[in-house]
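Structure, as C-alpha cells:
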Amino acid sequence: MHPLSLAARLALCLALAGCASKPVMQDGIQVNDPYEAQNRRVHAFNKEVDRRVIGPIARLVSDKDDASNEPGAMDLVINAGSNLSLPGKIANSLLQGRPEPAIKNFFRFGVNTTLGIGGLLDPAGSDFGLPEHDTDFGETLAVWGVPEGAYLELPVLGPSTQRDAAGKVVDLLIDPLYHLLHRDAAWAAFGLRVASKAGERARFGDTVDSVLQDSADSYAQLRLIYLMHRRHELNEGGTAIDPYAAAGADDAIDPYAE
C-alpha cells in the first residue's frame, strides 16, 4: 500500500478511536484526552529527560553563543536543519494543493543551499525576502479532512495528536532527501535536523523551562499551549474544536504572537 494512503487510513482510524471519549473543557477550549493517564507517564519521562539532558546541553550551547558577537554554532545548526526540512515541506504544500508556498520554499532551498553554504546561512530570508513557509503531513491530513483525534504526548518528541503523530511518520517517508541521498548521508541529514530542534530548545529555553519546571501542572499547561497553537496554525475553528471559546474565527489571535 502506498505510504500516503496508509497514513490517511491510519490517521483516520486513530482519530475516530480517539473520538469515543467525551471531550472536556480546559480554559475555554475542548480537549480530547482519553489517554491522559498514559500521556502523563510519558510527560513525566519527557520532563525528566529535559531536566537532566536536553535542558543542560541547550543552556551550555546558548551560553557559549551569547559570549560571542559572531553567529553562534546554534544558529548555524538551526539554519542547516531548517534548510534540510524544506524539500518535505515543498512536497506537503503540493499535496495540499498549495503551489505558491511550494514554489517559494523551492527557491528558498535553492538560494540557501548554494549562496548560504549548504543552508548554514540564510540569504534567502535576509536578502531575497523568501521566508520559510512551514507545513507538515499533519496539516496535509487536516486539509484532506482527517479529524484531529485524541491528544497524545510522544516520548522525547512531546505534544501531538493522533493525526499529527501519523503525519510525523509519513513526513519521514515522503521526504525527497530520504530517497535521493545515500543511506549514510540521509542519516546524517536526519541527525542535523534533530540537532536543529535541540537548538530551537536552547533558543526558547526560558519559556520552555517556565512551562515544564515552574507550572503547577506542566502537563495540562503544555497540552493547552500545544492545542491552541496547532489549531491556530491550521485555522481549525468551529464549535467542535474552537480554541478561542466565544471569539469568532475572525477575532482569533495567535497565542504565540507576543
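The values are calculated or read from the model by the stated rules, or taken from the named source; none is laboratory data. Not measured: the values here are computed from a predicted model. FYI the Cβ positions are ideal-geometry reconstructions off the backbone, even for glycines, and counts take in every protein chain you see. Accessible surface is based on the protein model in full, side chains and every heavy atom, while ligands, DNA and RNA are left aside. Shrake-Rupley method; radii C 1.70, N 1.55, O 1.52, S 1.80 Å.
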Does the range 107-126 contain any residue that is surrounded by 14 or more Cβ atoms within 10 Å (Cβ to Cβ), acidic (Asp, Glu), assigned to a helix (DSSP H, G or I) and touching a helix residue (DSSP H, G or I) at 6+ places or on another chain (Cβ under 7 Å)? no
Residue under evaluation residue 188, criteria (1) open to solvent by 40 Å² or more (accessible area, probe 1.4 Å); (2) under 24 Å from residue 45 (Cα atoms); (3) of a type in the set (A, V, I, L, M), criterion not met: (2)
Residue 193 is checked against (1) farther than 22 Å from residue 76 by Cβ; (2) in contact (Cβ under 8 Å) with a residue 12 or more places away in the chain; (3) of a type in the set (Lys, Arg) and fails just one. What number does that condition carry? (1)
Within the range 173-184, how many residues turn out to be open to solvent by 40 Å² or more (accessible area, probe 1.4 Å) and part of a helix (DSSP H, G or I)? 7
Of all residues in the range 168-190, which are among the acidic types (Asp, Glu) and either free of Cβ contacts under 8 Å to residues at least 24 places away in the same chain or more than 23 Å from residue 155 (Cβ to Cβ) (or both)? 184
Could you tell me how many of the residues in the range 210-226 are of a type in the set (D, E, K, R) and touching a residue at least 12 places away in the same chain (Cβ under 8 Å)? 1
Condition met for residue 203 (buried (at least 19 other Cβ atoms within 10 Å of the Cβ) and either of a type in the set (Ser, Thr, Tyr) or within 16 Å of the chain's Cα centre (by Cα) (or both)): no
Quick check on the range 146-153. Is at least one of its residues over 23 Å from residue 95 (Cβ atoms) and small (Gly, Ala, Ser)? yes
Answer from 134, 164, 127 - the residue that is free of Cβ contacts under 8 Å to residues at least 24 places away in the same chain and charged (D, E, K, R): 127
Does residue 156 satisfy the condition of being under 18 Å from residue 41 (Cα atoms) and without any contact (Cβ under 8 Å) to a residue 24 or more places away in the chain? no
Residue 165 fails exactly one of (1) more than 25 Å from residue 48 (Cβ to Cβ); (2) assigned to a helix (DSSP H, G or I); (3) in contact with a strand residue (DSSP E or B) (Cβ under 6 Å, 6 or more places away or on another chain), namely (1)
Please identify the pairs in which a residue from the range 62-84 that is at pLDDT below 65 has its Cβ atom under 6 Å from the Cβ atom of a residue that is not aliphatic (A, V, I, L, M), counting only partners at least 6 apart or on another chain. 65/72
Quick check on my filter: what residues within the range 131-152 are under 22 Å from residue 22 (Cβ atoms), outside any loop (DSSP other than H, G, I, E, B) and open to solvent by less than 10 Å² (accessible area, probe 1.4 Å)? 151
For the range 156-172, indicate whether the set of residues that are surrounded by fewer than 16 Cβ atoms within 10 Å (Cβ to Cβ) and modelled with pLDDT under 90 is non-empty. yes
